[in-house]
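Below you will find the structure I want to go over with you.
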Amino acid sequence: MALWDRLKASASTMQTQLIAKKNDLKSGAFRDSSMAMCALVAAADGTVDPAERQRVAQLIATDEVLQNFPADDLRRRFEANLDKLTADFDFGKVSVMQEIAKAKKKPAEARAVVQIGIVIGGADGDFDKDEQAVVREARYALDLPPHEFDL
């Protein structure tokens, strides 16, 4: 089975796991890390078209796990991270990775951030190589073992 098929098959499982942990995912570090992850995945290929920006913003606004936080606050953080990445992807990526690393202290939050990255990356039906690569880098920045997400 191809990687995407395996990830697609487990995406609903990941979302279910995230919902089950919703009450544990209320910290500012998780909020900041997850919005940075969403922006990083959206900009993984170095560009963000308006439709992609809108699609990810809509996913953020409707995701049950992220409803612990005000939608306007999430959107502002997502947009700020996207702005950094679109202004200068390589330089912005350093800052965004620092935001993602905020969840490193709590393994459950770190795993949830990676799961959100996978769910966002696969939302359009194609978790492409660029998206996989940035989620893999984020997993590394969060000190999670490579085998955990098979990326």
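The values are calculated or read from the model by the stated rules, or taken from the named source; none is laboratory data. This one's a predicted model, so the numbers in the text were calculated from it and none came from an experiment. Cβ placement follows ideal geometry from the backbone for every residue including glycine, while neighbour counts extend to all protein chains displayed. Heavy atoms of the whole protein, side chains included, go into the accessibility calculation; ligands, DNA and RNA do not. Shrake-Rupley method; radii C 1.70, N 1.55, O 1.52, S 1.80 Å.
What residue, of ASP73, ASP143, ASP83, is of a type outside the set (Ser, Thr, Tyr), more than 23 Å from ASP24 (Cβ to Cβ) and either surrounded by fewer than 17 Cβ atoms within 10 Å (Cβ to Cβ) or without any contact (Cβ under 8 Å) to a residue 12 or more places away in the chain (or both)?
From the options ASP73, ASP143, ASP83, the qualifying one is ASP83.
Collect the residues in the range 36-50 that are open to solvent by less than 70 Å² (accessible area, probe 1.4 Å) and over 12 Å from the mean Cα position of the chain (by Cα), keeping them in residue-number order.
Matches in the range 36-50: GLY46, VAL48.
Can you report the number of residues in the range 53-70 which are part of a helix (DSSP H, G or I) and either modelled with pLDDT of 95 or more or open to solvent by 30 Å² or more (accessible area, probe 1.4 Å) (or both)?
9
Find the residue count for the range 109-132, including only residues that are loosely packed, with under 13 Cβ neighbours inside 10 Å and either among the aliphatic types (A, V, I, L, M) or farther than 23 Å from ALA61 by Cβ (or both).
Qualifying residue count for the region: 1.
OK, next. Quick check on the range 104-127. Is at least one of its residues of a type in the set (Phe, Trp, Tyr) and more than 28 Å from HIS147 (Cβ to Cβ)?
No, the conditions are met nowhere in the range 104-127.
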